Amino acid sequence: MSRFDTARWAVVEELGDGRWRLSLRDEADDELGAFGLGVEGAWDPDVEPHVGFVLVQLGLTLRGARPWREDELGDQRAAVLPPG
């Protein structure tokens, strides 16, 4: 069993200076884990593909054809499907 089996959301926040942080959250929006991303630049086109690659490495996939949306805090948020 993976610690990300209950992951339902991927949330990416910009930390400034082109740095980004990915967190995985459960249905209650509690953080299950977080990762600093080793890529700098704009969300699209630089960061979004990198986040997708990291999620695949963790066994998670994005839900939907256009999964990313900006949430109420200005972070990028997408629903994920747990490891199957």
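Within the range 69-79, how many residues are surrounded by 11 or more Cβ atoms within 10 Å (Cβ to Cβ), in contact (Cβ under 8 Å) with a residue 40 or more places away in the chain and closer than 22 Å to R19 by Cβ?
Residues flagged as surrounded by 11 or more Cβ atoms within 10 Å (Cβ to Cβ), in contact (Cβ under 8 Å) with a residue 40 or more places away in the chain and closer than 22 Å to R19 by Cβ within the range 69-79 amount to 5.
Identify the single condition in (1) under 19 Å from P83 (Cα atoms); (2) in contact with a helix residue (DSSP H, G or I) (Cβ under 8 Å, 6 or more places away or on another chain); (3) touching a residue at least 24 places away in the same chain (Cβ under 8 Å) that W20 does not satisfy, given that it satisfies every other one.
Checking W20 against (1) under 19 Å from P83 (Cα atoms); (2) in contact with a helix residue (DSSP H, G or I) (Cβ under 8 Å, 6 or more places away or on another chain); (3) touching a residue at least 24 places away in the same chain (Cβ under 8 Å), the one that fails is (1).
Strands (runs of 3 or more DSSP E) wholly in the range 1-62 with at least 3 residues that are at pLDDT 90 or above and surrounded by fewer than 14 Cβ atoms within 10 Å (Cβ to Cβ) - which ones?
So the answer is 31-37.
The values are calculated or read from the model by the stated rules, or taken from the named source; none is laboratory data. Remember, it's a predicted structure, so these values are computed and weren't measured experimentally. Methodologically, a virtual Cβ is constructed for each residue, glycine included, from the backbone with ideal geometry; neighbour enumeration extends over all protein chains shown.
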